[in-house]
């Protein structure tokens with residue numbers, strides 16, 4: 001397909017990305033990108049093809065449909081907790097204990113690492129739990145969205161998650177296609193060996209810790225944090241946050257709700273998601289990896305979010321805070337808070353379909369074949385995967401495109417050496433996660449903006465500076481590996497030290513240029529009341 005459209009296959013996704021960043025209008029930019037893709041693909045006005053892709057992204061994929069239902073139900077659950085006063089209860093409880101900007105950041109970072117089962121659930125649970133606390137400490141919504149996004153996909157891709165099952169499946173299928181399954185370790189073993197070479201994911205998680213602990217920012221994040229600390233405005237004045245609870249739901253019914261109003265629905269959500277995933281994947285003769293490979297995390301998320309809503313409704317009735325009629329109205333209002341996020345999700349999936357139809361990934365990857373030396377394989381594979389993921393907005397789609405190219409390429413260039421496969425596979429996954437972190441058309445990025453209550457394009461613009469910083473450190477590690485062949489366990493600390501140096505250097509230079517402090521007042525406990533959408 002790439003030979004049919006050539007360089008034109010790059011136009012729709014890149015146009016959507018450039019327009020989104022330049023205009024801050026994500027939905028309009030995505031719509032135009034899909035429309036242009038329709039014109040390129042089918043000629044004419046492109047309208048018929050545009051809506052074919054949009055409808056297909058909703059109707060043909062049961063996974064996508066389940067994620068839409070999960071998002072709506074999470075919105076309803078959050079709305080119920082808000083109206084019942086649960087968000088205020090947890091804020092009042094935790095403010096005395098988590099009493100600084102740094103502690104909020106550390107708590108968010110650690111929760112993101114611990115909740116490694118799924119990136120969607122990670123954003124929903126950690127974001128919903130920490131947003132009000134972050135507001136109290138005058139952390140900008142852009143910073144919270146960054147913390148969520150950079151501990152969602154990076155953690156999920158190396159933890160016990162639906163991602164790992166998907167990745168192992170891709171490796172296994174390619175081993176079978178090439179007929180080399182009996183010459184290599186198992187697909188699961190290869191995946192485990194590839195984890196140290198998934199350098200971007202590891203360094204992205206480390207970068208969050210560095211930013212949180214040092215309290216140093218640069219780029220547009222420095223502007224956002226300085227604004228929040230100086231004025232108390234955790235969102236930009238003209239921002240359009242994807243979740244606007246207070247404006248749509250009003251004030252909580254009570255400011256003296258018990259903690260169980262917050263903890264019980266969230267605990268039920270976590271328990272049902274984990275329990276449902278284990279139940280669907282369990283069989284007496286299955287290993288842990290096989291259990292993960294055979295579960296259905298999207299279905300578990302639907303079950304868990306429904307259980308969260310049901311629990312909140314029962315709590316409202318038993319506590320005498322909400323009638324059944326009021327609960328139903330709140331559920332519908334909660335659905336409404338998620339409509340902007342759902343719209344962007346559908347359009348993001350649709351432009352992914354455009355990229356597939358036009359052969360964007362295949363067009364890019366053809367330049368890597370035949371011109372790659374063993375030393376440069378990690379860098380070339382990483383950069384190629386990163387560009388594809390940035391352009392098409394899906395790490396899973398990038399992995400699907402790249403795996404049939406990367407594994408045969410690494411097998412041949414590496415002289416049929418299984419270890420070299422792990423290197424190339426890790427670099428491929430690494431690049432895919434960069435795109436997932438950095439692209440405004442990534443569904444995970446959309447959900448990070450949603451559950452942080454951030455303007456989506458503000459989140460993308462502020463996070464890009466940090467994502468590209470991690471990209472630089474990642475390339476350094478891959479080049480050192482190609483030159484020295486040292487273990488990644490030796491080189492990863494070099495990457496972390498590189499990140500620390502870059503963070504200190506960039507923050508000092510940017511602060512001087514903007515006449516701001518590189519280490520703003522966020523290191524002190526906040527006392528001024530914040531101003532935000534909710």
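How many residues, within the stretch 379-435, are touching a residue at least 40 places away in the same chain (Cβ under 8 Å) and either on the phi > 0 side of the Ramachandran plot or out of contact with any helix residue (DSSP H, G or I) (no Cβ under 8 Å at 6 or more places or on another chain) (or both)?
Residues that pass the stated criteria total 2.
Can you go through 210, 158 and tell me which one is assigned to a helix (DSSP H, G or I), touching a residue at least 12 places away in the same chain (Cβ under 8 Å), farther than 25 Å from residue 93 by Cβ and assigned by TED's automatic domain parsing to the domain that holds residue 435? Going through 210, 158 in turn, just one is assigned to a helix (DSSP H, G or I), touching a residue at least 12 places away in the same chain (Cβ under 8 Å), farther than 25 Å from residue 93 by Cβ and assigned by TED's automatic domain parsing to the domain that holds residue 435: 210. Might you let me know whether the stretch 93-110 holds any residue that is within 25 Å of residue 30 (Cβ to Cβ), assigned by TED's automatic domain parsing to the domain that holds residue 354 and either free of Cβ contacts under 8 Å to residues at least 40 places away in the same chain or part of a helix (DSSP H, G or I) (or both)? No, because not a single residue in the stretch 93-110 is within 25 Å of residue 30 (Cβ to Cβ), assigned by TED's automatic domain parsing to the domain that holds residue 354 and either free of Cβ contacts under 8 Å to residues at least 40 places away in the same chain or part of a helix (DSSP H, G or I) (or both).
Would you point out which residue out of 145, 189 is part of a helix (DSSP H, G or I), surrounded by fewer than 16 Cβ atoms within 10 Å (Cβ to Cβ) and in the same structural domain as residue 424 (by TED's automatic domain parsing)?
Being part of a helix (DSSP H, G or I), surrounded by fewer than 16 Cβ atoms within 10 Å (Cβ to Cβ) and in the same structural domain as residue 424 (by TED's automatic domain parsing) holds for just one of 145, 189, which is 189.
Residues are listed down the side, and each one gets a yes or a no for (1) closer than 22 Å to residue 462 by Cβ; (2) at pLDDT below 85; (3) touching a helix residue (DSSP H, G or I) at 6+ places or on another chain (Cβ under 9 Å); (4) buried (at least 24 other Cβ atoms within 10 Å of the Cβ):
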site	(1), (2), (3), (4)
64	no, yes, yes, no
81	no, no, yes, yes
89	no, yes, yes, no
111	yes, yes, yes, no
115	no, yes, yes, yes
131	yes, no, yes, yes
140	yes, no, yes, yes
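Please tell me if residue 534 is within 30 Å of residue 347 (Cα to Cα), part of a loop (DSSP other than H, G, I, E, B) and at pLDDT below 90. Considered against the rule, which asks whether it is within 30 Å of residue 347 (Cα to Cα), part of a loop (DSSP other than H, G, I, E, B) and at pLDDT below 90, residue 534 comes out as yes. Annotation note: of 331, 351, 344, 392, the sole residue that is closer than 27 Å to residue 70 by Cα and modelled with pLDDT under 75 is 344. Restricting attention to the stretch 354-376 and to residues that are modelled with pLDDT under 65 and touching a helix residue (DSSP H, G or I) at 6+ places or on another chain (Cβ under 7 Å), the residue that is surrounded by the fewest Cβ atoms within 10 Å (Cβ to Cβ) turns out to be 369. Flag: residue 501 matches the condition of being under 15 Å from residue 214 (Cβ atoms) and either in contact with a strand residue (DSSP E or B) (Cβ under 7 Å, 6 or more places away or on another chain) or at pLDDT 80 or above (or both). Answer yes or no: is there a residue in the stretch 152-170 that is under 29 Å from residue 330 (Cα atoms), surrounded by 20 or more Cβ atoms within 10 Å (Cβ to Cβ) and either modelled with pLDDT under 85 or touching a helix residue (DSSP H, G or I) at 6+ places or on another chain (Cβ under 7 Å) (or both). Checking the stretch 152-170: at least one residue is under 29 Å from residue 330 (Cα atoms), surrounded by 20 or more Cβ atoms within 10 Å (Cβ to Cβ) and either modelled with pLDDT under 85 or touching a helix residue (DSSP H, G or I) at 6+ places or on another chain (Cβ under 7 Å) (or both). Candidates in the stretch 322-345 are the residues that are more than 16 Å from residue 73 (Cβ to Cβ) and buried (at least 20 other Cβ atoms within 10 Å of the Cβ); of these, the one that is nearest to the chain's Cα centre (by Cα) is 344. Among residues that are more than 26 Å from residue 336 (Cβ to Cβ) and modelled with pLDDT under 85, residue 95 is included.
On the basis of being without any contact (Cβ under 8 Å) to a residue 12 or more places away in the chain and farther than 19 Å from residue 447 by Cβ, does residue 319 make the cut?
No, not satisfied.
Residues considered: 219, 209, 232. Of these, the only one that is in contact with a strand residue (DSSP E or B) (Cβ under 7 Å, 6 or more places away or on another chain), closer than 25 Å to residue 105 by Cα and surrounded by 15 or more Cβ atoms within 10 Å (Cβ to Cβ) is 232.
Per-residue answers, yes or no, for (1) modelled with pLDDT of 80 or more; (2) within 21 Å of residue 356 (Cα to Cα); (3) in the same structural domain as residue 457 (by TED's automatic domain parsing):
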position: 34; (1), (2), (3): yes, yes, yes
position: 44; (1), (2), (3): no, yes, yes
position: 48; (1), (2), (3): yes, yes, yes
position: 72; (1), (2), (3): yes, no, no
position: 75; (1), (2), (3): yes, no, no
position: 84; (1), (2), (3): yes, no, no
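The values are calculated or read from the model by the stated rules, or taken from the named source; none is laboratory data. Everything quoted here is computed from the prediction, not taken from an experiment. When we count neighbours, we look across all protein chains shown, and the Cβ atoms used for this are built from the backbone with ideal geometry, even at glycine.
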